[in-house]
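The values are calculated or read from the model by the stated rules, or taken from the named source; none is laboratory data. Quick caveat: nothing in here was measured; it's all calculated off a predicted structure. Quick reminder, even Gly has a Cβ in these numbers, built from the backbone with ideal geometry, and neighbours come from all protein chains shown.
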Ligand SMILES: Cc1cc2nc3c(=O)[nH]c(=O)nc-3n(C[C@H](O)[C@H](O)[C@H](O)COP(=O)(O)OP(=O)(O)OC[C@H]3O[C@@H](n4cnc5c(N)ncnc54)[C@H](O)[C@@H]3O)c2cc1C
């Protein structure tokens, strides 16, 4: 590393704290400014995705900083989706036909705290809390902060500023409003928002429903999901339209309506949630959106990373994983161009942007899959076939989900291109009656591969990929 350069990181969330740790390990002088109080000392209010699905791409980040074993202690394996139908029946649809492929439920707070603790062990990393970035002067490489304890403003200078301040990034806002360069920006909201609820632990401290799955109550236009926590509780999230359909967030205003909605749509979940009204009326209803923008960097001065550069909807369980993978990609580019910030930032964006665009689009696809398609018989047939292929040919077949989630050595974009073609191939063959699931698996695999290759060829010719 060239002589002790000063790096200013805005935001000590999941991405910022991992980045601070890694740059600290590399020997940089790192100063991190976070708007909120220190979450290790103050309980941060509920209602903000308390737990998250953590998987192989995120774990690459943990391996990079040597924390993979420590993170395991915070994880609860989830082997598949536990689907709860309208009659209260359940069935599990595993994430993969390979036993070692599963995702994990991890506490956002505990994971963030672990990363902050490890970052702070480095003398050259300093964390500041209650300091809110108001704007960034990217030409001068300075940031304006408000100290929320003293209510005074101050300016910080650095060699490089990296903003990991999440979906509402102050630095991205400075890029946008400055009009000093061509900055493209889009923010697309779903018509659906989310609200967090909870299933509390059983009286004996155990889990009230099966622990090792991601529970889903798919209901076509809306859904409920639940992920386990280490203390025996589940964090439950309701995804519902703000204003469409018989029930929506705008008309669920009284206790009676909320109970009637849950009684009608999720009676088995309601039976596990005697605390529902408290949760429903205490926790906020928040929007869900996708942010895309470009460029992510201004010369060699400033860079956006994590949700600040590419916020996505949560339906692939990949936002945090993608943000951790950002740090891994960034680190490998530093290996090549260390000391030449403009080259580092440009190469990082050129490498990474198509992948974060891909996971943003895949996450929207999965919104429809989770709330609706998982209950569709054709989709279930496809999943059954894919599970059988993965089990029988562990090195020859991976579903789109497995490509995205468990094949961290290929990029999101490659996973998307191949995965979508496979999905199309299987659904087309099934709907044309050309796949008899009783045939031997090798001949089914050959048919799926042949059709997939034909689709990929067509897509290349028409310029779709
Ligand atoms: C409901 C929901 C469920 C999700 N589930 C999953 C999941 O299962 N798996 C998964 O991988 N991802 C999931 N995500 C996505 C994941 O939460 C984000 O992708 C991840 O938190 C991004 O990390 P980040 O550090 O970039 O941003 P954040 O975690 O948002 O961190 C940004 C930090 O910057 C601070 N900050 C903000 N503004 C300022 C400012 N002006 N000045 C100083 N500091 C500031 C914030 O306080 C925060 O600490 C989910 C998201 C939501 C909303």
Out of the residues in the range 125-140 that are touching a strand residue (DSSP E or B) at 6+ places or on another chain (Cβ under 6 Å) and buried (at least 17 other Cβ atoms within 10 Å of the Cβ), state the one that is nearest to residue 173 (Cα to Cα). 136
Checking residue 326 against (1) touching a strand residue (DSSP E or B) at 6+ places or on another chain (Cβ under 9 Å); (2) within 14 Å of the ligand (Cβ to nearest atom), only one condition comes out false. Which one? (1)
Report, by residue number, each residue of the range 24-61 that is under 16 Å from residue 317 (Cβ atoms) and away from the ligand (no atom under 12 Å from the Cβ). 60
Output yes when any residue across the range 292-306 is under 27 Å from residue 227 (Cβ atoms) and either crowded, with 21+ Cβ neighbours inside 10 Å or modelled with pLDDT under 95 (or both), and no when none is. yes
Tally, over the range 166-215, of residues that are within 24 Å of the chain's Cα centre (by Cα) and more than 19 Å from residue 235 (Cα to Cα): 16
Please work out which one of (1) part of a helix (DSSP H, G or I); (2) assigned by TED's automatic domain parsing to the domain that holds residue 63; (3) farther than 16 Å from residue 14 by Cβ is the condition residue 303 fails and give its number. (1)
From the list 390, 369, exactly one residue is in a helix (DSSP H, G or I) and closer than 13 Å to residue 98 by Cα. Which is it? 390
Does residue 19 fit the bill of being crowded, with 20+ Cβ neighbours inside 10 Å and within 20 Å of the chain's Cα centre (by Cα)? yes
Can you confirm whether the range 34-49 contains a residue that is at positive phi and modelled with pLDDT under 95? yes
Out of everything in the range 141-172 that is more than 9 Å from the ligand (Cβ to nearest atom) and closer than 26 Å to residue 188 by Cβ, what residue ends up being surrounded by the fewest Cβ atoms within 10 Å (Cβ to Cβ)? 172
Can you confirm whether residue 315 is surrounded by 22 or more Cβ atoms within 10 Å (Cβ to Cβ) and within 23 Å of residue 162 (Cα to Cα)? no
